[in-house]
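Taking it in order: structure first as structure tokens, then the write-up.
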Amino acid sequence: MSLRQSRLSFGPPKPALVASTANSDKNEAKVNKDAGSEPTSKPSEEKSKTPSNDVEMEEEETVRGGSKSKKRERRLVDSDDEDTAQEPTNAAEETKVHASTQEHREEELATTTKKLKLDAASPKKPKTQAIEKISQNPLTTPEVTDDLIEAAEKEEAELQAAQADDIEQAAEAVEIKQAAAKWADMFSRSSDNLEAASWKKGEPVPYAALCQTFELIEATPKRLQILDYLVKFLIQVIKLSPESLLTVIYLSINKLCPEYEGLELGIGESLLLKAIAESTGREMKKIKADYAEIGDLGIVAMNSRSNQPTMFKPKALTIPHVFKTLKDIASLSGNSSQKQKVDKIKVLLVSCRNKEAKFLMRSLEGKLRIGLAERTVVVALAQAIVLSRPDIKKISKDKLQHELEQAADVVKSVYSELPCYDLIVPALLKGDIKGLQEACKLTPGIPLKPMLAHPTKALTDILDRFENIAFTCEYKYDGERAQIHKLDDGSMRIYSRNSENMSAKYPDVMERLVKFAKANTRSFVLDCEAVAWDREQKCILPFQVLSTRKRKDVKEEDIKVQVCIFAFDLLYLNGESLLREPLSKRRELLLDHFNEVDGEFAFAKSMNSTQIEDIQIFLDQSVTDNCEGLMVKTLDGTEASYEPSKRSRNWLKVKKDYLAGVGDSIDLVVIGAYIGKGKRTGVYGGFLLACYDPDREEYQSICKIGTGFSEQDLEDHYKELKEHVIPAPRSYYILGEGNRPDVWFAPEKVWEIKCADLSISPVYKAAIGIVDATKGISLRFPRFIRLREDKSPESATSSEQIAEMYKDQKLNTVKSDMSKGVDMDFDY
Amino acid sequence: MLEARLQTGALLKKLLEAIKELITDANFDCSDNGIALQAMDNSHVALVALLLRHDGFEPYRCDRSLALGVNLLSLSKVLRCAGNDDIITLKADDTADVLSLTFENTDNDRISEYELKLMDIDSEHLGIPDTQYDAVVSMSSAEFMRICKDLQVLSDSVQIDVTKEGVKFAAKGELGSGAVTLKQSANVDKEDDATLIELQQNVSLNFSLKYLVNFTKATPLSTRVTLSMSGEVPLLVEYKMEAGYVRYYLAPKIGEDN
């Protein structure tokens, strides 16, 4: 039965809403019928329309407005003119508020003047465009939110990513400059289109206003324009409802609190589907079908809702209310929390209008997917703070531009030291940019984002980079980044690379921490690597062993995998931040204030030679000592400071598998695929691969793969592989328990794959019985290189070869019981 | 100041059972007319309106209108502590943030007193227009409950067709279809079981069975139920009591275009 639940509606409750009451509606309908002016075969349409004339009209208007602004935008994009960026905002605001022709004319004037300006400064332009192209490429943008890519992004093609990073950083600098210039220009001309807000001073910010901004942001791939929209909105918030600024920032980056507090959204899709079904009365089957087709719960929710007549219109959502409810939902746990979550989501959903449902759903999922990077939010925040100063119009253009640029730098650097909006936003509102630097500094207890290293392909790259600069080499330990904090009150904490509190994971280390620090340390922040340690052999164990440690509720007596901490940097000591000190100084202080304890705490092994032969020997030595390779760092001068959250060229890493000669490619057969979601809707999002065992004539599953594909690749694969879909796996596919792709393929296509490592896996079956009796081998971080049209599936890499490659790796022999439960592969 | 003494405590217990599945929090609006409650379920699909008139209490006193915001689950938990034959007295001060409940057993030798914390509930009163319905079916409440539960096996929605011959409940789902027809009858012997239809115009409407089944939790309150329907307005399901009523409104399902 194809039915949809309408919402309860009698007639508008308040006279204000009255376009017509339900009764008169009904009468009208009747009159129509009687007069025969409407064909009677259309009652269903009437039904859906009549009860909510007011709502319908409102929606219609927005839709019209939306398409209008889109059309204009397209025109603008076509004309390939970056600086006309603000016009779409205007168009949209026009529909939202009353259109003001005066304002509009002013705007047009502004665009022409600016156009002239930009033409003069055009040398910058080609570069930005090239950069934009790169950042639009789904494989290199950080915004790509598909699970698959996200997981893979971490390590996948680090070289590429890092390059893109670099370019992006450069691009960002250029963009900030441009944006600053534009704002400075606008404000010195005293345009006042900021009063176009949809709410009044002192009122809570309506959720719709944020969604409107999101909608604009989503519609454009241009970062400059995104920044522009966000700054405009933030200025309104700062001027009208400053108390909501913090929540607005959190909702924009889709977080609920600083990362280290660990409260996260990311409600399962089944729960969200349930909430949609219950709040709209649509059949689950239909919603699921929609979801399979559209691939975006947000749009599914929005579509499920938009035909819904409403009359007792729930109150409009406000930002504080939405944020509080989201936080409540995330904090719910325990008995019947699922039902409570669904109930709370339903209450929100039912109040959603227009596009709100779309963004609400995505927020709940934990992925906003509008292409709004946190970096952009930070810059927008800085600029909005500057631009909302009351005396802003008096400042000269050049000075303003300079201030805007500086503000962005200051807020960015403060945020990297103290990633906590709870402290930054109030400080900004209270003390402006200047006050911020004094109020917010690196503080033990609040983890900062670690500094990252740039990968290199060859040792000669190092010499090229560090010509005539003092540098040092350190072992790159294959473990888990650990930031150890000691607070003034004496309490200690360990944070992960992602700022999660890991103190509960390492109770043994916590216990011993006291021993490591000398008496003259009151408080500190150490940057370290936690590595699995074999106490009997006194050697480092591979990362796979470390990952078998439990993450939660670890009791000291149950610990099987011992850990040694290798400290390599000191960021804070006795109340002073050391971030701006050179590495040589930091290292000196580190050595002075801490003690090595055998098998528990050590300083990272380092070497200061600049001879390439010495480095080569040191690298080989590091590999023999079970390290991943080397870290090469600048030692002195301004370039040797600690740059939180940056992948810096002042730190280089040399991994053994980056170096030429390691990591031969493998040819594998595609036997299954996973339906794509998000950006990969409509194509396959990931694939299941197998190697061939010619002796037994069977295909053995080896890994899932989701990285290395261009959009074109994915489309091509989809078209080609569709021909080979089979209803069930062939009897000669040897599969593990977890190998359940959404579709199966006949063995036809062979792909060339590269990977970082091979590892023993309980889930995959490649080379089963050769290396381990019951477990197979899997690939770590596989990435697609190309289609091997010249190879038949039978000539794919054989199980024997896979086993050999595994044995050839310079890994410690992982005892089979150690690798239990280690699954190197990622979920989609 | 509110003071209301209810001779048959079971009534209050049944009332709570009848609404607590649908609504979590609601205001009890007390005035000199009696105690009323109106609330929508959180999907805004159904509305509950109940009224306990002042003459159902002995004595009843309410000097000034009061809105008592109550978590219904908590209230029903407290009411579980009352015996079926207990006399229940509700009391609240004008400014109080608690509702006090006193349960006295029939022998008047056991008195229990509870206080329930009140909450601020932000709710607007929704005006329900008086509607002239095209079809009004009056039938046995137990029969209605049985039909809803039976058909729920097949589908999550039911089509109700009313003609002058009778009323037909039909459901169609994946495992098959089913229908129950009740003929208009003036069964004088068993007044409670009769099906009576007042008809202006034939109607055919679809409703969510989940909600209807939920409404039938009010069955213990009355032997009869009336279903009032018109083309485009919500279904009214009413259970009348001696001094009051429970009314449920449910928006019809409308055709899905995809």
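The values are calculated or read from the model by the stated rules, or taken from the named source; none is laboratory data. Since this is a predicted model, take the numbers as computed values, not measurements. In this analysis, Cβ positions are derived from the backbone assuming ideal geometry, glycine residues included, and neighbour counts consider all displayed protein chains. With ligands, DNA and RNA removed, areas are computed over all heavy atoms of the protein, side chains included. Shrake-Rupley method; radii C 1.70, N 1.55, O 1.52, S 1.80 Å.
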- Item | Boolean, B:Lys91 is away from every other protein chain (no Cβ under 14 Å), free of Cβ contacts under 8 Å to residues at least 12 places away in the same chain and open to solvent by 10 Å² or more (accessible area, probe 1.4 Å) | no
- Starting from region A:551-580, keep only residues that are closer than 15 Å to A:Pro444 by Cβ and part of a strand (DSSP E or B), then list their pairs with residues that are open to solvent by 30 Å² or more (accessible area, probe 1.4 Å) and not hydroxyl-bearing (Ser, Thr, Tyr) whose Cβ atoms are within a distance under 7 Å, requiring at least 6 positions of separation or different chains. A:Leu570/A:Leu589; A:Leu573/A:Leu589; A:Ser577/A:Lys441
- Task: Enumerate the strands (runs of 3 or more DSSP E) found wholly within region A:395-506, keeping only those where 1 or more residues are crowded, with 17+ Cβ neighbours inside 10 Å and among the basic types (Lys, Arg).
- Result: A:471-476, A:480-486, A:492-495
- Task: Inspect region A:597-619 for any residue being in contact with a Gly (Cβ under 9 Å, 6 or more places away or on another chain) and either in contact (Cβ under 8 Å) with a residue 40 or more places away in the chain or loosely packed, with under 15 Cβ neighbours inside 10 Å (or both) and give the result as yes or no.
- Result: yes
- Task: Select, from A:Ile675, A:Ile666, the only residue that is open to solvent by less than 20 Å² (accessible area, probe 1.4 Å), of a type in the set (Val, Ile, Thr) and in contact (Cβ under 8 Å) with a residue 24 or more places away in the chain.
- Result: A:Ile666
- Query: Taking helices (runs of 4 or more DSSP H) that do not extend beyond region A:272-391, which have at least 1 residues that are within 14 Å of another protein chain (Cβ to nearest Cβ) and of a type in the set (Ser, Thr, Tyr)?
  - Reply: A:284-294, A:297-306, A:319-331, A:337-351
- Select, from A:Val414, A:Val410, A:Val378, the only residue that is touching a Cys at 6+ places or on another chain (Cβ under 7 Å) and not polar (S, T, N, Q). A:Val414
- What are the pairs, 6+ residues apart or on separate chains, where a residue within region A:345-359 that is under 18 Å from A:Leu216 (Cβ atoms) has its Cβ under 9 Å from a residue that is charged (D, E, K, R) and assigned to a loop (DSSP other than H, G, I, E, B)? A:Arg353/A:Lys313; A:Lys358/A:Asp296
- Task: Answer yes if at least one residue in region A:235-244 is crowded, with 19+ Cβ neighbours inside 10 Å, more than 14 Å from chain B (Cβ to nearest Cβ) and within 23 Å of the chain's Cα centre (by Cα), and no otherwise.
- Result: no
- Task: Kindly indicate the residue of region B:168-193 that is crowded, with 19+ Cβ neighbours inside 10 Å and under 29 Å from A:Lys285 (Cβ atoms) and also nearest to the other protein chains (Cβ to nearest Cβ) among those meeting that condition.
- Result: B:Ala171
- Message: Here are the criteria: (1) within 23 Å of the chain's Cα centre (by Cα); (2) surrounded by 20 or more Cβ atoms within 10 Å (Cβ to Cβ). Tell me which single one B:Gln132 does not satisfy.
- Response: (2)
- Counting only residues that are closer than 22 Å to A:Asp713 by Cβ and open to solvent by less than 10 Å² (accessible area, probe 1.4 Å), how many does region A:770-785 have? 2
- Query: Which residue out of A:Arg522, A:Arg549 is under 30 Å from A:Asn574 (Cα atoms) and open to solvent by 10 Å² or more (accessible area, probe 1.4 Å)?
  - Reply: A:Arg522
- Message: Considering only residues that are open to solvent by 20 Å² or more (accessible area, probe 1.4 Å) and more than 15 Å from the chain's Cα centre (by Cα), which ones fall in region A:345-384?
- Response: A:Val347, A:Arg353, A:Asn354, A:Lys355
- Would you check if A:Ala458 is in contact with a Lys or Arg (Cβ under 9 Å, 6 or more places away or on another chain), among the aliphatic types (A, V, I, L, M) and at pLDDT below 85? no
- Query: Can you name the residue in region B:8-25 that is in contact (Cβ under 8 Å) with a residue 60 or more places away in the chain and within 14 Å of another protein chain (Cβ to nearest Cβ) and is also most open to solvent (accessible area, probe 1.4 Å) among such residues?
  - Reply: B:Glu21
- Query: From the list B:Leu227, B:Leu209, B:Leu196, which residue is over 30 Å from B:Tyr60 (Cβ atoms) and either of a type in the set (Val, Ile, Thr) or within 14 Å of another protein chain (Cβ to nearest Cβ) (or both)?
  - Reply: B:Leu209
- Message: Taking the criterion of being more than 14 Å from every other protein chain (Cβ to nearest Cβ), buried (at least 19 other Cβ atoms within 10 Å of the Cβ) and among the charged types (D, E, K, R), would at least one residue in region B:68-81 satisfy it?
- Response: no
- Does A:Ile753 qualify as being in contact with a Pro (Cβ under 8 Å, 6 or more places away or on another chain) and outside any loop (DSSP other than H, G, I, E, B)? yes
- With respect to the numbered conditions (1) under 13 Å from B:Ile160 (Cβ atoms); (2) surrounded by 21 or more Cβ atoms within 10 Å (Cβ to Cβ), which one is the sole condition not fulfilled by B:Ala218? (1)
- Taking into account only those residues within region B:230-251 that are within 13 Å of another protein chain (Cβ to nearest Cβ) and in contact with a Ser or Thr (Cβ under 6 Å, 6 or more places away or on another chain), which is surrounded by the most Cβ atoms within 10 Å (Cβ to Cβ)? B:Ala251
- Can you spot a residue in region B:149-165 that is open to solvent by 60 Å² or more (accessible area, probe 1.4 Å), away from every other protein chain (no Cβ under 14 Å) and among the basic types (Lys, Arg)? yes
- Message: Among the residues of region A:628-635, are any assigned to a loop (DSSP other than H, G, I, E, B), more than 21 Å from A:Ala453 (Cα to Cα) and not β-branched (Val, Ile, Thr)?
- Response: no
- Among B:Lys217, B:Lys210, which is over 14 Å from the mean Cα position of the chain (by Cα) and part of a helix (DSSP H, G or I)? B:Lys210
